Amino acid sequence: MSARAVHLGLGAFFRAHQAWYTHRANQDQSGDPWLITAFTGRQVELADTLTAQGCRYTLIERAADGDHATVIESLGAAVPGGDHEAWLAALADPATGVLTSTVTEAAYRIHDQDRDRLIAGEPGISAPARILDGLRARFRAGGAPLAVLCCDNLTDNGAMLRGRVLELVGDLGGDAGLADWVAESITFPSSMVDRITPATTPDDLVVAKQLTGWDDQVPVVTEPFSEWVITDDFPAGRPAWHTAGVRLVDDVEPYEQRKLWLLNGAHSLLAYYGLQRGLATIAEAMDDPACVATMEDVWRDAAAVLPFQEAEITEATEALRERFGNPRIQHRLAQIAADGSQKFPVRFGEVYRRRRAAGLDHGAGLPVAVAAWIRHLATDQVKDAGAAELITRLAAAAGDADRVRLALSVLGPEAADDNDLARDTEARLTELQEKS
């Protein structure tokens, strides 16, 4: 049975989301199922464990009133990301119709070494380089069309990924016609994904066995809620995701904005502010009045520039309150806080710019979020490779005023030059320092 889809980034979110949707679509359709050949980022252990289990695993949907388990069977193979030959073979296979990716925001940044490694026939470092490496193998194998679907929280993620792949291919040389083929035969649909997926704990292995009767070593825990919105542009077919609840649309952007500015923006705020207040999870933050009040500020700031009617925004925020408050989903703030230098521009920067373009002030939530992030960057909890230079500059800054301008520069020069925003952020930073 041929695996007709390839995935880059064999993590918990992929297994709770894209693989789950594909499993459901396969169950709803007759004929050959769409199986997925999934590659880890670089690690070996997860792929080996899944392979030993026949690529089956348990998805535990954790509601406030109990757990429900589904054994997912949409993986055809789990492969270590370092298996370069397997990656090239999977993408060269004309039966492959879809390549999806869930890595991290930071993984889409092109590295200086990517071009040299691709020219030398070595695997690239960034996700765009690895994808182009596979596309080049496909081109040399006959050039069957393919859809490349980014499933990470990046604005207009399809156009972003297409632009970075084309940027790389233009520098390669050789393979006459490769750039034109990528531009004409490879589509890059955009997507919006949403499902809170906390890290699996040892106790979850016990729960998985209780619910299913077998010793799953890599179960995944997630919330009952899930959403996936995609632009429908698949030249080589796709799973029947529409039967599993996926919304196929002409324009994903409004849904991306709703999710990035409401859910993800609130997550970042709660992570940095909650950590400063000694909290550990989103559910704990939802029991903290100060966190909730500031989260509501973030939502009001975004709602003013979202392209939806008030009723739909109200419905979305009510759903988020319920989801965030689920005490049985242990979504850890430290996990959400990672890679803030990549997340802040897409979660807060565009809201800020649109508010100013509409003649509005910077809002009440942004200064608190930035101030809490500055405090976080001074701790030993930081997991953000992209922030290394910023952390060094913050540590060397003459005072809070300079630190605030440095952090605001991540949102763009207009934010760094906004005296009102800087003043309010510095005031919030002072308050945090006085309470610590």
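The values are calculated or read from the model by the stated rules, or taken from the named source; none is laboratory data. Predicted model only: the values in this text are computed from it and were never measured. Neighbour counts run over all protein chains shown; Cβ positions are idealised from the backbone, glycine included. Only protein heavy atoms, including side chains, enter the accessible area calculation; ligands, DNA and RNA are left aside. Shrake-Rupley method; radii C 1.70, N 1.55, O 1.52, S 1.80 Å.
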Every residue from segment 15-34 that is among the small types (Gly, Ala, Ser), under 13 Å from residue 243 (Cα atoms) and open to solvent by 30 Å² or more (accessible area, probe 1.4 Å): 30
Any chance segment 184-196 includes a residue that's part of a helix (DSSP H, G or I) and either more than 20 Å from residue 8 (Cα to Cα) or hydroxyl-bearing (Ser, Thr, Tyr) (or both)? yes
Here are 37, 70: which of them is free of Cβ contacts under 8 Å to residues at least 60 places away in the same chain, open to solvent by less than 30 Å² (accessible area, probe 1.4 Å), over 26 Å from residue 383 (Cα atoms) and not in a helix (DSSP H, G or I)? 37
Restricting attention to segment 281-310, the residues that are open to solvent by less than 30 Å² (accessible area, probe 1.4 Å), assigned to a loop (DSSP other than H, G, I, E, B) and in contact (Cβ under 8 Å) with a residue 24 or more places away in the chain number exactly 2
Consider residue 19 carefully, then state whether it is among the small types (Gly, Ala, Ser), touching a residue at least 24 places away in the same chain (Cβ under 8 Å), more than 17 Å from residue 150 (Cβ to Cβ) and part of a helix (DSSP H, G or I). no
Hey, which of the helices (runs of 4 or more DSSP H) in segment 341-436, taking only ones fully inside, have at least 1 residues that are open to solvent by 60 Å² or more (accessible area, probe 1.4 Å), of a type in the set (Val, Ile, Thr) and modelled with pLDDT of 95 or more? 388-396
Scope segment 159-183; condition assigned to a loop (DSSP other than H, G, I, E, B) and either charged (D, E, K, R) or at pLDDT 95 or above (or both); matching residues: 171, 175
Within segment 113-166, track down each residue that is open to solvent by 30 Å² or more (accessible area, probe 1.4 Å), over 21 Å from residue 252 (Cα atoms) and within 22 Å of the chain's Cα centre (by Cα). 125, 166
Determine the pairs where a residue that is free of Cβ contacts under 8 Å to residues at least 24 places away in the same chain, located within segment 320-331, has a partner that is in a loop (DSSP other than H, G, I, E, B) and of a type outside the set (S, T, N, Q) with Cβ atoms under 9 Å apart, the partner being 6 or more residues away or on another chain. 322/64; 322/225
Pick from segment 210-227, criterion among the charged types (D, E, K, R) and crowded, with 17+ Cβ neighbours inside 10 Å, ranking: nearest to residue 321 (Cα to Cα): 223
With the requirement that a residue be under 21 Å from residue 385 (Cα atoms), without any contact (Cβ under 8 Å) to a residue 60 or more places away in the chain and in a loop (DSSP other than H, G, I, E, B), what does segment 101-122 give you? 110, 111, 112, 113
Of all residues in segment 231-254, count the ones that are open to solvent by less than 60 Å² (accessible area, probe 1.4 Å) and either among the hydroxyl-bearing types (Ser, Thr, Tyr) or in contact (Cβ under 8 Å) with a residue 60 or more places away in the chain (or both). 13
